[in-house]
Amino acid sequence: MISKEERSSRVLYRYHKIFTKIAYFVLIAVAVFTVGANIVLLYKTHQTTIATTNHHISELSRSLSIALDRRIQRTLAILESVALDCNQEEALSAEELAKLQKQAELFQFEYFARISPDGSAICSDGISRTFAGQDGIRKAFEGQMVIDAKDTGSNAQNAGMPFFMIPIYSNREAGEITGVLAAPFSPLRTNFFLNQSYYGDNVFLNIIKSDGTEVFMTKRFHAPQLNVPGGTNNLFDVLQANVETIADTTVEDIRQAAATGRNKTIRFRVPHSHLTQTARLTRIGNTDLCIWLVDTNDAISEGLDQLLHMAFWINGLVVICFGALICVLIFLYRKNTALLMVDPVTGGYSLSRFNQEAEYLLNCSNSGDYTFIVANIVNFKIFNDTHGYYEGNRILKHVHDTMIKYLEDDEILTRSGGDDFNVLIHTTNDEVILRKLDLMVDEINHFNEELSEKQWIMFRVGVYHITDTDISVVHIRDRANIARKKMKIMNRDILYSYGFYEEEDRVRLQQEIIIKSKMNYALEHQDFKLYLQPKVDISTGRIVAAEALVRWKDADMGLVPPDEFIPLFERIGFIRWLDLYMFEQACACLRRWLDAGLQPVRISVNISRVHLTNKDFLLPFVEVQKNYRIPPELLELELTESAALDYPNAIPEAISKIHLAGYACSLDDFGSGYSSLNCLESLDIDVVKLDCKFLRAARAKNDRGHIVIEELVHMAKRLGITVCCEGVETEEQFAFLQKCRCDMGQGYLFSRPIEVTAFEKMVYATS
C-alpha cells in the first residue's frame, strides 16, 4: 500500500505539472488574444473612420452642390431680367446708368456691363472697360451663360470673385444676340457660396471649372509651401505636382471625372505632413462648375495608423511583463506550495490540501464508502480569551495529534477555521464511527486525570454519509455542518454530542435562506397581515378584547405559518421590526374604529424577548401610539413566561415602563415552562394567560388540570390579576371556565384568528 507521504508527493507533483502547463498556455493565449484583439480593433476602427469620413464628405458635397446650383440659377434669372432692359443698342443716359448701378448694388454686384460685339462696354459705375478677346465673352456671344473666375476687364479688383456673363437677345426666338450682360460679384458677397460655418473650419471649399481652373475658394486647401507650376491656378496641375495619392484613385482619375461630369473621392497626403486628407469632386447641377471639398478631419485616421504602430510596441511590452509575472508566480508557487499545504498550528494538512486529497479519494471510490465528520470544540473562544492563544494553539495541536492516530491510511484530517476539525473516514458504519469518536475524545481528555480542576474538551459533531460523490467537498462540508448545528446545549456529563445529516435539514436550511431573502421586501410591501383572535368574557359571552397575530402572505410561498418564521426572526433580530410593525397595524385598526364612532375593544400585541436586551425598546412603540392618537388603555403588550425566566432582572423594569406608558401588560403561556407561582407575586402584571395544555389535559371533573386552573384563577383574583384561559375548544371546557369564574377565554370555540374585516363584522354587526 502506498504511504500517505508518497501519495501526497504524487498529488503535489501532478498539480505542479498541471499548473505549469496551464500557466504557459494562459500566457500564450493572453498574448495572442491581446495582440490580435488590438490589431483587429484598431483596423476596424480605422476602416470605420475612413468609411464615416467618406460618407460625411459625400453628403456634405451633395448638399453644397444642390444649394449652389439653386443660387446660381437664381442669380442667372436676375441677370436675365436685367438683360431685358439692356437689349437696346443705343447709349444709356447718366440717369439710366445710375438706376442700373443701384440695381447692381441691390443684388450685391460690383456693376453691370453691356458689352458690344467689338468688346467695348457700357458700365453702370461709369468706368470705361474693354473686354475684347476674352474667352468668356466669346462664349456668351455664342449663346452660353458663362461663369468665369475674374474680371480681366477691370484692374483685378474683383479677382477671385465669380464673374457672370449672359447674352442679350434682340430676338430670342431667332437667336439674335446684340450684346452681353456681364456682372462681377462684389467682394462683400463672399457668402454667396455659403457661410463658412455651414461646413466647418476644417473643410476647404474650391469652385473649379471642369478643366480644373479655380473660380472661387474659401481657403486654399494646400499650404503656402506647395509648388504651383508656372503660377497656374489649375487645381489638377497643383495636385499632380504636389500630393501623394492613397489607394487606387489618382489625380488623373479626378481630372477625367471632372471632364465627364462624374463625382469622385480621393485620399492623399500633402508635402511635409503625415496627415491624410480626403477630398470630394462634385459637379454643380448642369453647369460647367465643380465643387472641390477637402476634409482635414481625416487626420484622425492617420492618428489611428500611428496608434496601431504604437499598439504593437505596447502589446509586446505587455506580453513580456505578463510573461515575467507568470514566471515569478510559478516560482513562488513552487517555492511555497509545501508551506501552503501545511497547517501552521497543527502541522497537519492545510484545508486546501485536505480538499485536494478528499476529492482524489472520493473520485477513486464508490458512493457510500466515505463519511465526512465536522467536530467543533465547544466554547473554545472562551478558552482562548482565558488562557491566551498560545495555550489555545497547543490544545488544537493536541487534538489533531490525538485524532490522527485513529485514522487509517486512506482517511484524512484537517483543521478548518479556528476550532473545527474535518475528518474523512472510510466507512459508513455508525457503530464504527461512534467507537472512533469515543476513543478520540477519551484520549483527548486523558490529561484531566492528572488535574485536580478538570478542563474538559467537549465537541459538537456533525456526521454526513457521502451518498453523492459528484458534489464538491465544500458542499459535503456544508451538509456535515448542518447536522452539527442541530445539536444544542450539551450535557456536561457527555464529552461530545452528535447529529446525523438528513435531507430534511437541508430543506429547512434552504427554506430559512428563502425567508431571509424575502423578509425585508415583505415588511416594506406590507405582506405581513394583521389577524385578530377574539377574547370572550366568560360570564357574558361577549367579545371584550382581541389578540393581534401576524400572518405572512407571500406571492411565491403562499401563507407562511408563523412557527416557520417567528423563531428565525427571533434568532436574527428581525423580530424587533416585525413587532413594531404589528403594533402600528393594531394602532391603525383602533384609529379606524374610533374615527367611525365604534366602541373599540382592547388589542393585545406580542412583544418578543429580544426587546428586553434594550432598555429603551418601548420608545418607538410610544411614538407610534401617539402619532395615531390612540388612548393607551386600549393597548396591551404580551410577554411570554419564557422571557420572564430568561430575563429575570430585565422583566420587572420592562413591565414598569409598560405601565408608565399607560398600556396593560399580560404574561402569555403561563405554565408552559413550569415556572414558579412566585412570579405572580413578583411581577406586576395585569393579565395572566393560562397555557392551553391545562384544558387539553383535563379529562374529568377531578382532573388535576381542572384543579390547577381553579386554584390559579382563585389565586390570581386574590392578587387582582385578570385570568384569560387559552385553547378553549369545546362547550364543556367553556362551562367549566364559567364554573370556576375565569375572566376571559380564547380559542377555536369562539373563533380562529381572522382578518380585520371579518372581526369587525363579528363584533359590530347589527341586526
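With a/c under 1.5 counting as rounded, go ahead and sort region 476-578 into rounded, prolate or oblate using the C-alpha gyration tensor (a ≥ b ≥ c being the square roots of the eigenvalues; past the cut-off, prolate if a/b is larger than b/c, else oblate).
Taking the square roots of the gyration eigenvalues as a ≥ b ≥ c, region 476-578 is oblate.
Taking Lys454 as the anchor, which aspartates and glutamates have their alpha carbon closer than 14 Å to its alpha carbon, excluding any fewer than eight residues away along the same chain?
Asp442, Asp493
What net charge is computed for the residues neighbouring Gly126, neighbours being all others with C-beta under 14 Å from the C-beta of Gly126, Lys and Arg scored +1, Asp and Glu -1?
Around Gly126, the surrounding residues sum to -1.
So if I place +1 on the C-beta of Lys and Arg and -1 on the C-beta of Asp and Glu, and nothing else carries charge, what would the dipole magnitude of region 510-764 be about its Cα centre? I want it in debye, nearest 20.
Dipole magnitude for region 510-764 comes out near 380 debye.
Along the Cα→Cβ direction, 7 angstrom out, place labels at Gln73 and Glu173. What is the inter-label distance in nm?
2.6
Taking every pair of alpha-carbon atoms in region 556-629, give the share separated by more than 14 Å as a whole percent.
Tail of P(r) above 14 Å: 67 percent of Cα pairs.
Using a/c under 1.5 as the rounded threshold, could you call region 351-501 rounded, prolate or oblate? The axes a ≥ b ≥ c are square roots of the C-alpha gyration tensor eigenvalues, and prolate needs a/b larger than b/c, oblate otherwise.
Cα axes put region 351-501 in the prolate bin.
Given a cut-off of 32 Å, name the pairs among Lys516/Lys717; Lys381/Lys405; Lys486/Lys693 whose C-alpha atoms lie farther apart than that in the structure shown.
Pairs exceeding the cut-off: Lys516/Lys717.
Have a look at the DSSP beta bridges in region 510-764 and tell me what percent are antiparallel, nearest 5.
So the antiparallel bridges amount to about 40 percent of the total.
In region 351-501, with Lys and Arg counted as +1 and Asp and Glu as -1 at Cβ, which of these residues, Val399, Val378, Ser365, has the Cα nearest the positive end of the dipole, that is, farthest along it?
Projecting each Cα onto the dipole axis, the largest value belongs to Val378.
Cβ neighbours within 10 Å, averaged per peptide: list 283-293, 240-250, 448-458 in order, most packed at the top.
Result, highest mean first: 283-293, 240-250, 448-458.
Read-outs throughout are calculated quantities, based only on the coordinates presented, and are distinct from any laboratory measurement. Just so you know, these numbers come straight off a predicted model, no measurement behind them. Neighbour counts are summed over all protein chains in view; Cβ atoms, including those assigned to glycine, are modelled from backbone coordinates with ideal geometry.
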